[in-house]
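Report on the structure given below.
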Amino acid sequence: MQTLKLRHRAVGPLKGKRNTGIVGVVASGNCEALFERTPSEKTCEVDIRTSVVGFDEVWKLVVADFVERASPGGIRVSINDGGATPDVVMLRLMQGAALMEGN
Amino acid sequence: MTVWDGQKNERERRLRDGRHLAKGKVVASADATRLLEAIIRPGDRVCLEGDNQKQADFLAQALVQADKSRIHDLHIVQSGIVLPEHLDLFEKGIATKLDYSYSGPQGGAVARLLNSGKVELGAIHTYIELFARYFVDLTPHVAITVARQADRDGNLYMGPNVEDSPVVVEATAFKQGIVVAQVNEIVAKLPRVDVPGDRVDFIIETPQPFYVEPLFTRDPAAITETQILMAMMTLKGIYQPYGIKRLNHGIGFNTAAIELLLPTYAEKLGLKGEICTHFALNPHPTLIPAIETGWVTQIHSFGSEVGMDAYMAARPDIYFLGRDGAMASNRMYCQVAGLYATDLFIGATLQIDLAGNSSTVTQDRIAGFGGAPNMGSDPHGRRHPTDPWLKAGREASSAHPKLSRGKKLVVQMIETFGKGLSPSFVEKLDALSLAEKLKMELAPVMVYADDVTHIVTEEGIANLLLCRDADEREQAIRGVAGYTEVGRGRNKRKVEELRARKAILRPEDLGVNPLDVQLSMLAARSVKDLMTWSGGLYDPPAKFRNW
């Protein structure tokens with residue numbers, strides 16, 4: 001098991017008032033993403049726990065694209081990975097952001 | 001003196017050699033191999049159906065058992081290489097040359113056989129291309145066909161699986177070839193005649209009913225959320241703006257997801273009656289919920305599907321049914337319908353290169369083409385206008401609107417990574433490497449780049465109609481290629497320019513809410529759900545019953 005900690009600057013805070021949200025499940029080929037608000041409105045923290053090694057580069061690219069697409073300032077995401085492919089990871093991240101923006 | 005009836009005389013000789021085994025036209029199943037040895041000559045072109053679905057399995061076994069000193073060097077000209085026996089013919093040396101279309105279930109074995117040098121490959125065709133050649137330069141000397149029932153005059157009844165038979169039999173019979181049919185049973189009166197008896201020379205009642213390959217059953221339980229996302233993008237980014245009413249769907253899970261989102265997601269978008277009303281399509285069980293909720297006006301099919309007979313028989317307003325109540329399927333007709341009378345073909349593929357050429361061939365599997373190159377091509381003979389066809393044509397061209405032809409929409413759906421995390425976007429297709437290795441004149445490309453109009457991945461839709469040169473095309477493809485090397489090699493600025501011009505559409509550009517991307521959006525979540533939707537009329541094959 002390895003943990004990857006990624007930090008990004010976002011353009012602005014993620015919209016919405018919701019404080020926490022969870023999407024996905026820890027299952028083979030899937031992942032769970034827990035979203036929480038943090039006081040720092042322009043940073044986005046993403047912590048990834050995964051047993052699959054050798055994909056750090058792809059994780060970094062996926063998270064960077066997510067930050068660009070969703071502008072998730074003031075958010076900490078904790079991902080428990082079950083070997084999800086990049087498309088599933090991106091979907092979970094976008095779902096989590098949409099959930100937090102909801103209400 | 002010139003002989004004008006040499007083929008007729010040859011036919012008479014062969015019939016004489018076979019007739020001593022027959023009572024009228026009927027030959028006992030135990031004499032099947034002897035009959036084939038009597039009527040087939042070395043070097044003959046033989047069509048052994050060998051369709052997409054139904055198989056003349058008994059006679060395939062009989063032919064494999066033939067004495068190689070009597071029958072050898074056959075040239076097999078059939079659409080489907082589906083049964084192990086089809087390959088055994090080459091292993092044993094009974095056949096040496098092959099022209100075919102589709103080899104899905106035997107794709108691995110075909111690749112091995114080609115590598116071994118035991119097959120001289122003519123070409124891999126699309127269906128109607130092979131059928132066309134039956135009338136020009138690949139006319140069979142002997143056709144071995146398969147039917148549900150025959151009467152003693154040799155009239156044949158195929159039920160819902162008519163498929164290739166009429167075209168194969170006509171080409172053979174009218175050019176003085178010989179037609180042999182295996183049938184499940186011989187009856188006094190047929191429910192309907194699909195092939196007239198005067199075209200059939202011998203019939204053999206088999207101990208077991210013929211095999212039908214269930215090809216079009218996709219278990220909704222295996223559809224992924226990524227496929228749902230792609231289906232939603234396709235509905236909002238292609239079906240809705242072009243107003244696609246007349247179409248064909250491929251057989252993969254991607255299009256099954258679209259079918260299962262019609263009564264739910266597309267209904268919410270208010271698209272009922274605006275899209276997906278007329279299909280050239282196999283009887284996909286996953287379309288049942290859309291049919292039951294009134295989405296579909298009519299469907300013409302290439303062949304049947306195992307378990308769908310009773311359902312189709314109970315929906316005569318939707319399907320094409322004979323007076324006997326069973327569907328008629330004629331692959332020739334439906335392929336022509338799919339070519340000329342649909343505005344969109346959409347299907348999955350395995351590899352796409354930087355130009356947009358798409359192929360299902362990998363180093364160790366040659367699955368052939370089937371109907372995809374036909375449906376997935378723009379018919380330049382088309383002259384009737386429809387809105388989607390005109391809109392696509394105008395996006396692609398700046399010529400005078402009344403002089404620029406329209407364009408068929410050809411959509412390839414592909415997840416950026418395939419099985420075992422192999423990238424789907426590549427600089428060089430495996431098909432090309434294979435063609436080099438096997439010294440083929442043409443790489444087996446399923447859909448050529450100039451026919452593909454849209455590529456859909458989980459990252460977005462590339463609209464190639466809006467790309468003006470090869471470089472834009474390449475960047476549009478890279479721009480939806482995700483985290484593959486091809487995708488990571490994109491020029492970010494150019495990709496954003498293309499996005500601004502709507503040549504690339506992201507889910508957020510289309511207003512697809514990621515929270516809608518849920519398995520619960522599918523109108524059916526299992527094969528059992530499909531059965532329930534059908535009111536118990538759909539009778540799934542055993543391998544799909546897990547309850």
DSSP beta bridges in chain A, what fraction antiparallel, as a percent rounded to 5? 75 percent
Run down the lysines and flag those whose C-alpha is under 19 Å from the C-alpha of B:K492, throwing out any fewer than 8 positions away in its chain. A:K60, B:K502
12 Å beta-carbon shell around B:A38, net charge (K/R +1, D/E -1): +2
Can you list residues whose amide H is under 5 Å from B:G368's amide H, if they're 5+ apart or on another chain and H is modeled 1.01 Å from N? B:S103
Percent of beta bridges antiparallel (DSSP, chain B, rounded to nearest 5): 30 percent
Report for the stretch B:55-190 the percent antiparallel among DSSP-assigned beta bridges with both residues inside it, nearest 5. 10 percent
Using θ = phi - 60° and the Karplus relation 6.51 cos²θ - 1.76 cosθ + 1.60, list the HN-Hα couplings for the stretch B:313-320 in order, rounded to whole Hz, with x at every Gly or Pro. 4, 8, 10, x, 6, 8, 9, 8
Under 1.5 on a/c is rounded, so check that first for the stretch B:220-528, then, if it is not, pick prolate when a/b is larger than b/c and oblate when it is not; a ≥ b ≥ c are the square roots of the alpha carbon gyration tensor eigenvalues. rounded
Are any of the pairs B:K54/B:K236; A:K15/B:K408; B:K236/B:K494 more than 30 Å apart by Cα-Cα distance, and if so, which? B:K54/B:K236; A:K15/B:K408
Can you tell me the Rg and the Dmax, both Å, for the Cα atoms in chain B? 24.2, 81
Under 5 Å between amide H atoms, partner at least 5 residues away or on a different chain: which partners does B:I178 have, H built in plane at 1.01 Å? B:V142, B:A143
Under the rule rounded for a/c under 1.5, else prolate if a/b exceeds b/c, else oblate, using alpha carbon gyration tensor axes a ≥ b ≥ c, the stretch B:185-273 is classed as prolate
In terms of the alpha carbon gyration tensor, root eigenvalues a ≥ b ≥ c, rounded if a/c is under 1.5 and otherwise prolate when a/b exceeds b/c or oblate, the stretch B:15-212 is prolate
Post the alpha-carbon centroid distance, the stretch B:248-288 to the stretch B:27-100, in whole angstrom. 39 Å
For the stretch B:509-543 and the stretch A:10-71, write down the distance between their C-alpha centroids in whole Å. 30 Å
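A short reminder: the numbers here are calculations on the coordinates, not readings from a lab. The structure displayed is predicted, hence computed values, not measured ones. Cβ sites come from the backbone with ideal geometry, for glycine too, and all protein chains shown count toward neighbours.
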